[in-house]
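The values are calculated or read from the model by the stated rules, or taken from the named source; none is laboratory data. Computed from a prediction, not measured in an experiment: that's the story for all the values here. Cβ placement follows ideal geometry from the backbone for every residue including glycine, while neighbour counts extend to all protein chains displayed. Please note that ligands, DNA and RNA were not included when accessible areas were found on the heavy atoms of the full protein model with its side chains. Shrake-Rupley method; radii C 1.70, N 1.55, O 1.52, S 1.80 Å.
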Amino acid sequence: MTRRFGRRATLKRSFGLLSDFRHEQTAPDLFYGALARDSVELIGDLYCGLTDEDLTGTTVLDVGGGPGYFADVFLEAGARYVPVEPDPSEMHAAGLAVGGAIRGSGLALPFRTSSVDICFSSNVAEHVSEPWAMADEMVRVTKPGGMIVLSYTLWWGPFGGHETGPWHALGGEYAARRYVRKTGREPKNRYGVSLFKVGAAEGLRWAKSTTDAELLAAFPRYHPRWAWWMVRVPGLREFLVSNLVLVLKKR
């Protein structure tokens, strides 16, 4: 099912996204705009691989949707886009008005069981103290035959500490204190509060053990197709995969 997206996963794409990442804190519109376009292509390609259909008429639930940077691109693709965000300040951070946006926790999604076609979460699991409880909720709200896509940043990868990296490799608390000393302000992503250690092995273990969904694919989100083999190598994947995508089908 990843064949279509695999053709899109080129080295040129990887370099383009890497270039955009440096703007996350300084120019979030630029960073999230590029990530939004890449996300709708990712979801659209995977959904087509699963169903042979495009996103027209689907309901896409974005868990941890923030201020709604992804809304326009999903609407343009014909989907009904519904972001869920627990933090009201984050919801209004960009001054966007997204119709249908819902304030709620990923640990207890305010949706009926089997109510959405696609449940998607991008770069959120590492900010949740119980990421696999959130993943279970994503499976719960997805319709049978629907798709769950969980994409998250690995702790031991180069971006695991977010703005406190690469010093997070020496300890999350150390990295946070160092950031405060260097900048005079608290990091946006505070270790142990809004940033946690999440690994590839944990995600794969959860995906293979859940009884309500079938794991269809696991690959590095930002790597070219020829580097996807890294996910299959324990240990190495924790450091080199950077961001893991888990794709499941609801039973």
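Values for this structure:
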item	result
Residue 19-residue 251 FRET efficiency (beta carbon distance; Förster radius 51 Å; 0.05 resolution)	0.80
Probe 1.4 Å, protein heavy atoms only - accessible area per residue of the chain in square angstrom	46
Cα-based equivalent ellipsoid of segment 70-224: semi-axis lengths in Å, sorted from largest, via gyration tensor	28, 20, 14
Exposure of residue 113 as accessible area (Å², to 10), given a probe of 1.4 Å and all protein chains	80
Inter-centroid distance (Cα atoms) of segment 227-251 relative to segment 37-83, Å	22
Those lysines that a straight Cα-Cα span of less than 20 Å connects to residue 188, excepting residues fewer than 8 apart in one chain	197
Computed magnitude of the charge dipole of the chain (debye, nearest 20; Cβ of K, R +1, Cβ of D, E -1)	720
Helix-only CD estimate at 222 nm, as mean residue ellipticity for the chain, using -39500 (n - 2.57) per DSSP H run (n ≥ 4)	-10500 deg cm²/dmol
Lysines whose Cα lies under 20 Å from that of residue 249, excluding same-chain neighbours fewer than 8 positions away	143, 208
Relative packing of peptides 204-216, 234-246, 119-131 - highest average C-beta neighbours within 10 Å first	119-131, 234-246, 204-216
Full-stretch length increase - residue 227, residue 177 - with 0.36 nm per residue and alpha-carbon distance subtracted	14.6 nm
Contour excess over end-to-end distance, with Cα ends at residue 107 and residue 11 and 0.36 nm allotted per residue	31.0 nm
Debye equation applied to the C-alpha atoms of segment 149-251, log10 I(q)/I(0) at 0.16 Å⁻¹	-0.71
Dipole of the chain [Lys/Arg +1, Asp/Glu -1 at C-beta], most positive-end residue of 209, 69, 59	209
At 0.890 mPa s and 25 °C, Stokes diffusion of segment 159-198 via Kirkwood alpha-carbon radius, µm² per second	255
